[in-house]
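Structure provided below as structure tokens; questions to follow.
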Amino acid sequence: MADETTWPMLAVDTWTPTRETLHMWTQIVGKIKMALAAPINHWWHVTLLVDARGLTTGGIPVGARTLEIAFDFVDYALVARTSDGGSVSFPLPGHSVAEFYARVFEALRELGIDVVIHPTPNEVEVAIPFAEDTIHDTYLPEHAGAFWRQLIQADRVLARFRSGFVGKASPVHFFRGSMDLAVTRFSGRTAPTHPGGAPNCPPSVMREAYSHELSSAGFWPGGGGEGAFYSYAYPAPDGYAEADLPEGASFSAEYGEFLLPYEAVRTSSDPDGTVLAFFDATYDAAARLGEWPAGLTTGSSRERSGR
């Protein structure tokens, strides 16, 4: 069984208030990045990255300067800093979404940065404008910190999985719309037009995200009692749902993807190997059944990790 300080237990239903608040906060910060950063295919320019203290935008060019906005889950703070030495921070606990929204833009004004975003969240059924959202106002550091430690492990394993693919692949990055950490591999071929369907999200967003054939893997704080690792293909080839899977994994007709419960990984004698076997098996199903070009991988993830 894995060390709980490394692979922490965090039941989904115990941290819903913090998760929903944090989701809206990351949407605000992600929209600031989207407004300022140069566009990259499949919306790769709007994502956040896992770092040694939490989640960060990474460097965002603002004129001749660089801006970074970071969630510090060690000191429970939101930090905005610029390459010319500017820095503004405020504590995360004690703020509703509306208050957080106001504080972030106040911090940007102090740094001399003017930016306008679409002030409503995406990919949620009930989209309360940020400036009016006083419902989501919970931040428990122990819950956010445990989620971040889950992301650290997922980020590390996803990076190992990504390393063996020589075709086009995304970075390992955090999508603020769906609140998941993902890495995506591409066959190199265009895909059928995506029908859209995500709540409060224009079809054009999904069409750009799924413009080319892909196999995506990641970690999501849903889909199981403690969250789940997932894998899906677009378009899903015939027979994909019947693929052979490692023990504990299954295909979810509800979500249209394969799921491996986080708790199955946390309680495994080899957590890394369990996740990598799942990612390898589901990618193999997508590539084999979808007749992807040969030679895109350099052996199994477990072989590359020395397992």
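Kindly check whether there is at least one residue in the range 199-222 that is basic (Lys, Arg) and under 23 Å from Glu291 (Cβ atoms).
The answer is no, given that none of the residues of the range 199-222 is basic (Lys, Arg) and under 23 Å from Glu291 (Cβ atoms).
Which condition does Val88 not pass, out of (1) of a type in the set (Val, Ile, Thr); (2) free of Cβ contacts under 8 Å to residues at least 60 places away in the same chain; (3) out of contact with any Leu (no Cβ under 9 Å at 6 or more places or on another chain), if it passes all the others?
The failed condition is (3).
Any residue in the range 182-201 that's basic (Lys, Arg): show its pairings with residues that are outside any loop (DSSP other than H, G, I, E, B) at Cβ separation under 7 Å, as long as the two are six or more apart or on different chains.
Arg185/Phe165; Arg185/Ala169; Arg185/Leu214; Arg185/Ser215; Arg185/Tyr283; Arg189/His212; Arg189/Glu213
Scan (1) within 28 Å of Pro199 (Cα to Cα); (2) assigned to a loop (DSSP other than H, G, I, E, B); (3) of a type outside the set (A, V, I, L, M); (4) in the same structural domain as Pro261 (by TED's automatic domain parsing) for the single condition Gln150 breaks and write down its number.
Going through (1) within 28 Å of Pro199 (Cα to Cα); (2) assigned to a loop (DSSP other than H, G, I, E, B); (3) of a type outside the set (A, V, I, L, M); (4) in the same structural domain as Pro261 (by TED's automatic domain parsing) one by one, Gln150 breaks only (2).
Let me ask something else about it. Filter the range 37-55 down to the residues that are over 14 Å from Asp180 (Cβ atoms), in contact with a strand residue (DSSP E or B) (Cβ under 8 Å, 6 or more places away or on another chain) and either buried (at least 16 other Cβ atoms within 10 Å of the Cβ) or not aromatic (Phe, Trp, Tyr) (or both) and list them by number.
Correct list: Ala37, Ala38, His42, Asp51, Arg53, Gly54.
For the range 256-263, check the following and say yes or no: at least one residue is more than 18 Å from Asp180 (Cβ to Cβ) and either without any contact (Cβ under 8 Å) to a residue 24 or more places away in the chain or not aliphatic (A, V, I, L, M) (or both).
No: the range 256-263 contains no residue that is more than 18 Å from Asp180 (Cβ to Cβ) and either without any contact (Cβ under 8 Å) to a residue 24 or more places away in the chain or not aliphatic (A, V, I, L, M) (or both).
Find the residue count for the range 19-74, including only residues that are small (Gly, Ala, Ser) and either assigned by TED's automatic domain parsing to the domain that holds Leu158 or at positive phi (or both).
3
Further question: With the condition kept exactly as written, say whether any residue in the range 26-46 is assigned to a loop (DSSP other than H, G, I, E, B), in contact (Cβ under 8 Å) with a residue 60 or more places away in the chain and touching a Phe, Trp or Tyr at 6+ places or on another chain (Cβ under 8 Å).
For the range 26-46, residues assigned to a loop (DSSP other than H, G, I, E, B), in contact (Cβ under 8 Å) with a residue 60 or more places away in the chain and touching a Phe, Trp or Tyr at 6+ places or on another chain (Cβ under 8 Å): absent.
Out of (1) crowded, with 18+ Cβ neighbours inside 10 Å; (2) touching a helix residue (DSSP H, G or I) at 6+ places or on another chain (Cβ under 7 Å); (3) not polar (S, T, N, Q), the odd one out for Ile32 is which?
(2)
Looking at the range 108-143, which of the residues that are acidic (Asp, Glu) and more than 23 Å from Ala37 (Cβ to Cβ) is surrounded by the most Cβ atoms within 10 Å (Cβ to Cβ)?
Asp133
While we're on this one: Using beta carbons and a limit of 7 Å, which pairs, at least six apart or on different chains, have the first residue in the range 110-128 and outside the structural domain of Glu99 (by TED's automatic domain parsing) and free of Cβ contacts under 8 Å to residues at least 24 places away in the same chain and the second one assigned to a loop (DSSP other than H, G, I, E, B) and surrounded by 18 or more Cβ atoms within 10 Å (Cβ to Cβ)?
Taking only residues 6 or more apart or on different chains, not a single pair turns up.
While we're on this one: For residues that are modelled with pLDDT under 95 and in contact with an Asp or Glu (Cβ under 7 Å, 6 or more places away or on another chain), tally how many sit in the range 273-301.
Count: 2.
Determine which member of the set Ala287, Ala241, Ala217, Ala277 is buried (at least 16 other Cβ atoms within 10 Å of the Cβ), more than 21 Å from the chain's Cα centre (by Cα) and not in a loop (DSSP other than H, G, I, E, B).
The match here is Ala287.
Here's a check for you: in the range 61-106, which residue that is among the aromatic types (Phe, Trp, Tyr) and in contact with a Gly (Cβ under 9 Å, 6 or more places away or on another chain) is surrounded by the fewest Cβ atoms within 10 Å (Cβ to Cβ)?
Once the filter is applied, the top-ranked residue is Tyr76.
The values are calculated or read from the model by the stated rules, or taken from the named source; none is laboratory data. Bear in mind the structure is a predicted one, so any value in this text is a computation, not a measurement. As a convention, Cβ positions derive from the backbone with ideal geometry for all residues, glycine included, and neighbour counts pool all protein chains shown.
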